[in-house]
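What follows is calculated from the coordinates using simple rules that are stated; it is not laboratory data. Computed from a prediction, not measured in an experiment: that's the story for all the values here. Reconstructed Cβ throughout: ideal geometry from the backbone, glycine too, with neighbour counts over all protein chains shown.
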Amino acid sequence: MALLNKITLISTLAIFLLSLSLNVSSALAIPPGNPFNSLSEEDKGRIVKILQDISKKKDQPTRETFREFWIIWEKQGRWPEADIQDLRDYLVGPSLIYMTYVWQDALNSLQTSTPQKNAERAKYEKRLLALGIIKKEEIEKNDKMIEKISHQEPLATEDGREYVVTEAGIELVLTSLLDADKRVQRLFSKEYIEPPQQ
């Protein structure tokens with residue numbers, strides 16, 4: 001029974017941590033230079049749905065999903081490699097790529113009891129700031145969260161509940177983020193790549 005309660009607690013904590021990660025992008029306004037702004041409302045809805053499916057479902061992207069995603073973008077013209085990277089950063093940079101760096105630093109910080117910021121995260125923060133995708137306040141908020149995690153202080157949810165972050169909870173979140181990132185990388189590649197067999 002104690003093991004079941006521990007697994008439930010870790011799963012609940014992982015969902016809480018992942019929701020913290022994914023809420024970052026929803027709080028940001030889409031910057032004016034974002035190619036997403038040039039899409040019709042219908043195409044925006046389809047892109048959002050595709051990205052939601054990719055982030056949640058293991059068998060994504062399917063060949064059909066990949067084709068639909070690129071048909072929508074090719075209406076806007078040809079996409080050089082640098083523009084594809086920008087597009088990826090605009091669409092999933094704050095919620096997926098950046099948050100993977102944040103939670104990797106959170107794990108290192110918890111293990112060392114000292115707030116950490118690796119060079120990759122610092123470099124990516126500068127890129128997102130330059131693109132207008134993230135604000136300094138979000139970076140500061142994540143730095144404060146990591147500091148709390150390093151000292152094993154509780155994090156509060158929007159409904160007032162508090163959780164002390166554990167290594168197991170962070171590892172579950174990182175696994176989810178890294179798996180989703182692999183699927184997104186396949187979506188943004190120029191050639192279709194079959195999802196690995198489960």
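Would you list which aspartates and glutamates come within 13 Å of LYS148, measuring only between C-alpha atoms, while excluding same-chain residues fewer than 8 positions from it?
Within reach: ASP105, GLU140, GLU162.
Which of the aspartates and glutamates could a cross-linker span from LYS57 if the Cα-Cα distance has to be under 16 Å and same-chain partners fewer than 8 positions apart are dropped?
Output for LYS57: ASP179, ASP181, GLU194.
Roughly how many debye, to the nearest 20, is the charge dipole of region 88-174 about its Cα centre, given +1 on each Lys and Arg Cβ, -1 on each Asp and Glu Cβ, and no other charges?
Approximately 420 debye in magnitude.
When we measure straight from the Cα of LYS44, which aspartates and glutamates land under 20 angstrom away, once same-chain ones fewer than 8 places off are left out?
Within reach: ASP53, GLU64, GLU68, GLU74, ASP83, ASP86, ASP89.
If Lys and Arg each add +1 and Asp and Glu each add -1, what is the summed charge of the other residues whose beta carbon sits under 13 Å from the beta carbon of ASN118?
-1
Arrange the following residues from fewest to most other Cβ atoms within 10 Å of their Cβ: GLU158, GLU147.
Exposure proxy ranking, most exposed first: GLU158, GLU147.
Using r as the Cβ-Cβ distance of LEU129 and ARG67, and R0 as 35 Å, what FRET efficiency do you calculate, to the nearest 0.05?
0.55
Once label points are set 7 Å from the Cα along Cα→Cβ at both LYS56 and ARG88, what is their separation, rounded to one decimal in nm?
Once both label points are built, they end up 2.4 nm from each other.
Compute the distance from the alpha-carbon center of region 156-198 to that of region 123-152, in whole Å.
Comparing the Cα centres of region 156-198 and region 123-152, I get a distance of 18 Å.
Can you sort ILE193, ILE97 from fewest to most other Cβ atoms within 10 Å of each residue's own Cβ?
Ordered from fewest to most neighbouring Cβ atoms within 10 Å, ILE193, ILE97 come out as ILE193, ILE97.
Determine the alpha carbon to alpha carbon distance for each of LYS56/LYS136; LYS56/LYS182; LYS49/LYS75 and list only those over 22 Å.
From LYS56/LYS136; LYS56/LYS182; LYS49/LYS75, over 22 Å: LYS56/LYS136.
Can you check what the net charge comes to around LYS144, using other residues whose Cβ is under 14 Å from the Cβ of LYS144 (Lys, Arg +1; Asp, Glu -1)?
Numbers: positive: LYS117, LYS136, LYS141, LYS148; negative: ASP105, GLU137, GLU138, GLU140, ASP143, GLU147, GLU153.
Residues near LYS144 contribute -3 overall.
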